[in-house]
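> Could you have a look at this structure, given as structure tokens, before my questions?
Only the coordinates and a few stated rules stand behind these numbers; no lab work does. All values derive from a computational prediction rather than experimental measurement. With ideal geometry, Cβ positions are generated from the backbone for all residues, glycine too; neighbour counts draw on all protein chains shown.
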């Protein structure tokens with residue numbers, strides 16, 4: 001299977017990351033184990049999570065996804081086959097959030113314990129923390145990289161100017177630099193990444209691993225109206241897609257999917273994978289049938305006409 005370099009980390013990953021936000025939420029522990037086994041058995045090797053996943057589900061505590069992954073790693077013995085990515089900085093509680101040095105050094109120990117590992121391949125700042133000096137955050141990451149607890153660092157949901165400022169301080173102080181960027185990016189949500197980040201990512205060889213590659217499920221074609229999402233656990237994410245442009249995108253996906261005799265979501269994933277600067281899209285599934293479709297999507301070949309049709313339909 002094709003492997004792509006994750007920025008300048010030296011890590012090689014298959015062109016798809018499994019999004020761990022579903023573990024302990026819409027995929028229970030037993031199903032999560034089955035999904036992770038099938039995913040890795042198919043030759044994929046990258047899993048992304050965060051210390052806040054999936055705390056929003058009733059009865060869950062922060063770190064539920066990490067605990068599920070950690071238990072699977074322990075039982076499967078596949079730790080050395082996995083590029084493991086997690087995040088810090090999301091809100092767990094009033095005193096557990098942000099990118100302060102002391103908090104990062106505390107939070108990483110919690111993540112390592114839940115993940116049942118002694119190192120994290122990619123540790124990412126989940127959200128920016130303007131109240132904490134950049135140098136303080138980078139000093140914490142420097143300590144973790146030097147100790148071997150973290151191999152590489154990345155960022156998500158950070159503005160372009162702050163990424164530039166962080167890179168300058170990393171270079172000046174000799175601190176680790178962000179090697180990856182995790183933005184929201186899909187056929188519908190193109191404008192922000194393409195206008196603010198893409199050029200910088202290409203110039204600085206950042207590994208780009210977009211989240212919401214299927215627009216919270218909208219691009220699968222499962223949801224055609226607001227009525228369709230009324231009882232969905234993703235309802236709060238889906239409302240923004242029901243507009244003229246969203247309808248146009250779904251029509252284009254339907255056309256390309258029919259041509260190749262596949263499902264729209266498969267086409268949407270391949271479109272992201274094929275875009276310039278993208279290392280691997282992040283996608284989540286909740287059952288084995290969905291995973292099979294996702295895995296088969298990676299081998300789907302879209303031609304120039306397919307890509308142009310999708311580009312035009314999703315133009316902003």
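> Give the peptides 35-42, 271-278 in descending order of average Cβ contacts within 10 Å, highest first.
Output ranking for 35-42, 271-278: 271-278, 35-42.
> Something else now. For the stretch 246-296, rounded, prolate or oblate, judged on the Cα gyration tensor with a ≥ b ≥ c (square roots of eigenvalues), a/c < 1.5 rounded, else prolate if a/b > b/c?
Oblate, because a/c is 1.5 or more while a/b does not exceed b/c.
> Tell me, how many Å apart are the Cα centres for the stretch 157-224 and for the stretch 109-132?
18
> Specify whether the C-alpha gyration tensor of the stretch 8-141 places it in the rounded, prolate or oblate class, a ≥ b ≥ c being the square roots of the eigenvalues: rounded for a/c under 1.5, otherwise prolate if a/b is larger than b/c and oblate if not.
Here the stretch 8-141 falls in the oblate category.
> Please report the antiparallel percentage of the DSSP beta bridges confined to the chain, to the nearest 5.
Among the beta bridges of the chain, antiparallel pairing accounts for roughly 10 percent.
> Still on this structure, please answer the following. Sorted by average packing, counted as other Cβ atoms within 10 angstrom per residue and highest first, what order do 180-192, 126-138 take?
The most tightly packed comes first, giving 180-192, 126-138.
> If you don't mind, another one. What number, in percent, do you get for the relative contact order of the chain if the mean sequence gap of Cα pairs under 8 Å and at least 6 apart is divided by its residue count?
18
> Something else: Provide 263, 222 in ascending order of the number of other Cβ atoms located within 10 Å of each residue's Cβ, fewest first.
222, 263
> Please state the relative contact order of the stretch 4-182 as a whole percent: Cα pairs under 8 Å, 6+ residues apart?
Computed value for the stretch 4-182: 18 percent relative contact order.
> Okay, next question. Helix 288-297 versus the longest principal axis of the chain: what angle, 0 to 90°, nearest 10, using Cα atoms?
With both axes taken from Cα atoms, the answer is about 80 degrees.
> Neighbour counts of other C-beta atoms within 10 Å: give me 206, 310 arranged from fewest to most.
310, 206
> Could you sort the peptides 17-28, 75-86, 92-103 by per-residue average Cβ neighbour count (10 Å cutoff), highest mean leading?
Averaged packing, sorted descending, gives the order 17-28, 75-86, 92-103.
> Here is a further query. Using only Cα positions of the stretch 39-91, each an equal point scatterer, no hydration layer, compute I(q)/I(0) via Debye at q = 0.14, 0.16, 0.23, 0.30 Å⁻¹ and quote the log10 values to two decimals.
Treating every Cα as an identical point scatterer, log10 I(q)/I(0) equals -0.40, -0.51, -0.89, -1.17.
> GNM, the chain, Cα, under 10 Å: largest mean-square fluctuation among 169, 143, 304?
304
> Can I ask one more? Which order results if 49, 195, 9, 155 are arranged by neighbouring Cβ count within 10 Å, fewest first?
With the fewest neighbours first, 49, 195, 9, 155 line up as 195, 9, 155, 49.
> Which one is right for this structure if Rg/Rh (Cα atoms, Kirkwood Rh) is calculated from it: [x] 0.99; [y] 0.95; [z] 1.01?
Looking at Rg/Rh (Cα atoms, Kirkwood Rh) for this model, the match is [y].
> Between 0 and 90 degrees, rounded to the nearest ten: what's the tilt of helix 29-41 against the longest Cα principal axis of the chain?
Approximately 80 degrees, to the nearest ten.
> Moving on to the next point. Cα axis of helix 64-76 to longest principal axis of the chain: angle in degrees, 0 to 90, nearest 10?
Value to nearest ten degrees: 90.
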